[in-house]
Amino acid sequence: MAKNIQMPDDPVDVYEHILEHEDRDTQGLAVALDKTVKGIGNVVMWANILLITAIVSQVALRYLLNQNYPKLDEIQWHFYGLVTMIGISYAMVTDSHVRVDILHMQLSRRAQRVIEIIGILALVVPFLYLMVDQGWDYFYESWRVAERSSSPTGLPGRWALKAVIPASFVLLGIAALARLIHDGHALLTNYEEERQGKDLRLVFWALLAFTVVATALTFLVHTTEEKLVIAMFLTFIALLFTGFPVAWTLAGVGVAYCGLAYLFDNGMMNWTGLEETLTGLDYLTLGAVVNRIYSTMSNAVLVALPMFIFMGLMLDESGVAERLMTAMQRLFGTVRGGLAITVTLIGIILAASTGIIGASVVLLGVLSLPSMMEQKYSPSLAAGVVSASGTLGILIPPSIMLVIMADQMALSVGDLFMAAVFPGVIIGTLYLTYIFFIALVKRDVAPVPEGATRPDWAAVKDVMVAVLPTMALIFAVLGSIFGGLATPTEASGVGALGATLLALGYRKLTLQKLINVLKSTFNTTAYIFAIFLGATVFSYVLRELGGDALIEEMILGTGFGPNGTVLIILFIVFLLGFVLDWIEITLIVLPLMRPIINSLGMDIPGFGAIDEPALVWFVILVAVTLQTSFLTPPVGFALFYLKGVCPPEIKLTHIYKGIIPFVLLQLTGLAFVFLWPALATWLPSVAY
């Protein structure tokens, strides 16, 4: 018999409300597990403050005392490793992971719970067992030999950081168990409210259709390994549409295909009529990914990730955007389309100071959309301006995407930051030009507000007061990188401190806001790192199956020449952006392209200062292409962020219609960089 409970009006509170009822019925076991994970996470997240302190101390000691301390460098990535590894379990209990919501959001809560239970048991549990077992061996061997830093002046006890690996996966297992208890109890209790929505038949038919397509595509290749590669990719994409988190889908599919390859290697799949394989994949070889996970935990480049995220979130809390919006509206009040121009300019400033797409889109939407509707702006134009302006942060440095790309392609973060400046400015300028002309040609889409007054010197002064502190912070961060005064990691720590001081100066920082920023930083860093973990397993199995060789052979086999090959790759990335997030594409697809680009022998100008100008140029092309993935349905995250905060008169059709010209403008900017590579390579060369 279905149980009826009174549900809250706010959908955000529904999950917590149900948990309260479950907690009483499950005698507190699930909530005890939740509180354990959350309690540990709430303590560990403060390590980000220690990380900022360690980075700023390192910079200060170097410039004040002309001293360098390797211990401080290692302390930084110890804190980073601790935050990221513990964070993945916190992200699971708070359900903060990235997922593809196209079908998932249409399903009833009951169907979603069934998918989560199956996903945890089939995809997460095997991965957890592998990581705990192999992670323990990895840690024990380090502890047995008393492993210490490779630097004579580094930290002793290297095993201490390696102990985080098995411990964090045990904690993740506790988080998964808590989810299973909540879901299982809700299914048994049979809440009537959880039956609202479509059932699992929607997912079943979608998976069946995908299976037919996958089977057909495997006939295009000949060897068993090639068939497994294609099946592996398509299985991953198919399971994404169930709505199960991307990170654990990647990890689970990787483990599953490792087991499948082992069966083919040992003649246990002869009944399929396919030949045996020689991949060498088995339980122990897959355990090698533990070392890769440790390398990611101790990656000095990736330490910049939580710092840039913290910096962006803290700036959002500081009230900078509100000050800019108020001041610039006075400055552009009498210009047709002035509010849209203001939003775009603020988007550019936020892009150069945050790099957090979700925060920028939501903030711009909350601040500007009600005013745009009040001034009778076209709903499509208003939605398009906010969505596109908010996505500039993924390209304009400091960009967390460029940090990850630099790591994956073994390039300098500073080079990519400098290489992205001109393309980012060009796209921002294209936005402004389009808004200016569309407002002149179609006077009803962006009218001048009634009662607007001409700007005076007081308005200019207000803009300067609002802009200068933020611009000073941007120049401090990017200028120190471009001038060679600090590494990107050091600049990120200084930027995080600067954003905090700015919030203090504006009297906006409270203890609760600091805790909110730390929690958001903890969650965001965790779900990105969780995808790192999943992609590590997936990519390892894919390479062992010969996936990199197959993809290289297929792309180079098109016979379109160097420029044609780059265009084919960009087209593939553009299409993948419709169904995949930029993180998956960056971690899985981008590294496979490095040998292809190197083999093309393209004569890209490096001006005698850049070691691999073709790679720098190519990565910027991919970055611009991936920026469009935030705006292209069905997985365009900027569209979902905006839909959550836009006024009721702006419908989803308005959003889809509004982003079309901005996607075309982004592709125009992409064409500029493709035709004139110096737009990406000249500035990095000048710095050196």
Checklist (1) buried (at least 21 other Cβ atoms within 10 Å of the Cβ); (2) β-branched (Val, Ile, Thr); (3) under 25 Å from the mean Cα position of the chain (by Cα) applied to Ile610, failing item: (3)
Residue in region 526-534 that is more than 30 Å from Phe127 (Cβ to Cβ) and either surrounded by fewer than 22 Cβ atoms within 10 Å (Cβ to Cβ) or among the aliphatic types (A, V, I, L, M) (or both) present: no
Every pair of residues 6+ apart whose Cβ atoms lie under 6 Å, when the first sits in region 34-50 and is among the small types (Gly, Ala, Ser) while the second is surrounded by 15 or more Cβ atoms within 10 Å (Cβ to Cβ): Gly41/Tyr90; Ala47/Phe79; Ala47/Leu82; Ala47/Val83
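What do you reckon, is Gly390 more than 21 Å from Glu490 (Cβ to Cβ), over 18 Å from the mean Cα position of the chain (by Cα), in the same structural domain as Glu649 (by TED's automatic domain parsing) and not polar (S, T, N, Q)?
On the way: more than 21 Å from Glu490 (Cβ to Cβ): yes; over 18 Å from the mean Cα position of the chain (by Cα): no; in the same structural domain as Glu649 (by TED's automatic domain parsing): yes; not polar (S, T, N, Q): yes.
So Gly390 fails the test.
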Hey, Ser96 under 22 Å from Pro166 (Cβ atoms), polar (S, T, N, Q) and crowded, with 17+ Cβ neighbours inside 10 Å or not: no
Residue satisfying all of: in region 628-663; assigned to a loop (DSSP other than H, G, I, E, B) and among the β-branched types (Val, Ile, Thr); surrounded by the most Cβ atoms within 10 Å (Cβ to Cβ) among these: Ile650
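State all residues of region 270-291 that are among the hydroxyl-bearing types (Ser, Thr, Tyr) and in contact with a helix residue (DSSP H, G or I) (Cβ under 8 Å, 6 or more places away or on another chain); if no residue qualifies, say none.
Within region 270-291, Thr277, Thr279, Tyr283, Thr285 qualify.
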Out of Leu324, Leu345, sole residue that is within 20 Å of Ile659 (Cα to Cα) and assigned to a helix (DSSP H, G or I): Leu345
The one condition in (1) in a helix (DSSP H, G or I); (2) assigned by TED's automatic domain parsing to the domain that holds Ala419 that Leu533 fails to fulfil: (2)
Candidates Leu367, Leu411 - the one that is in a helix (DSSP H, G or I) and in the same structural domain as Ile588 (by TED's automatic domain parsing): Leu367
Hey, Leu542 aliphatic (A, V, I, L, M), modelled with pLDDT under 90, under 22 Å from the mean Cα position of the chain (by Cα) and surrounded by 16 or more Cβ atoms within 10 Å (Cβ to Cβ) or not: no
Any helices (runs of 4 or more DSSP H) falling wholly within region 153-233 and containing at least 1 residues that are at pLDDT 85 or above and buried (at least 20 other Cβ atoms within 10 Å of the Cβ): 159-162, 164-189
Subset tally (residues that are closer than 30 Å to Ser142 by Cβ and touching an Asp or Glu at 6+ places or on another chain (Cβ under 8 Å)) for region 299-334: 4
Selection count where residues are at pLDDT 85 or above and farther than 14 Å from Met328 by Cα, scope region 338-364: 0
In region 260-278, residue surrounded by the most Cβ atoms within 10 Å (Cβ to Cβ) [restricted to those that are in a helix (DSSP H, G or I) and in contact (Cβ under 8 Å) with a residue 24 or more places away in the chain]: Ala261
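Say we look at region 549-584 and pick out the residues that are of a type in the set (Asp, Glu) and under 30 Å from Trp77 (Cα atoms); which of these is surrounded by the fewest Cβ atoms within 10 Å (Cβ to Cβ)?
Asp581
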Filter result (farther than 10 Å from Arg336 by Cα, of a type in the set (A, V, I, L, M) and at pLDDT 90 or above) within region 430-463: Leu430, Leu432
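The values are calculated or read from the model by the stated rules, or taken from the named source; none is laboratory data. Here the structure is a predicted model, which means the values were calculated and not measured. Please note: Cβ atoms are built from the backbone with ideal geometry, for glycine as well, and neighbour counts cover all protein chains shown.
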